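Undergrad: Dropping the structure in here first, questions after.
Where a number appears in this text, it was derived from the coordinates with a stated rule and is not lab data. Everything quoted here is computed from the prediction, not taken from an experiment. Cβ placement follows ideal geometry from the backbone for every residue including glycine, while neighbour counts extend to all protein chains displayed.
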Amino acid sequence: MSSRTRLRTLTCTTVIALAAGLGSVACSNDRWCEFDATDTKVDNSYCEKGTPGYEWEPDSDGKTKSKKSKSTTSKRNKN
């Protein structure tokens, strides 16, 4: 095998691996746009336009967001 063939094979393999890696990352992202101050899910157009106060939220950690609930315990009067 000549060095020219090896170089061509290596280059082609690298390009294919890079394309496959980038393609799998792009397809696996499940994201949405949120208003940052209230963490409210909004239309993606706000983030696509770069509107201040809106940001993309990725679902990369697999955890779901839950709102913190306030404590409902009360103190009882002892008589």
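Undergrad: Which distance in nm do the two modelled labels at W32 and L10 give, with both placed 7 Å along the Cα-to-Cβ direction?
TA: Using points 7 Å along Cα→Cβ, the separation is 4.7 nm.
Undergrad: Report the extension gain between T40 and E55 in nm, rounded to one decimal, defined as 0.36 nm multiplied by the number of residues separating them, less their alpha carbon distance. Working shown, then result.
TA: On the way: separation 15, 0.36 × 15 = 5.40 nm, distance 1.05 nm.
That pair, T40 and E55, stretches by 4.3 nm at full extension.
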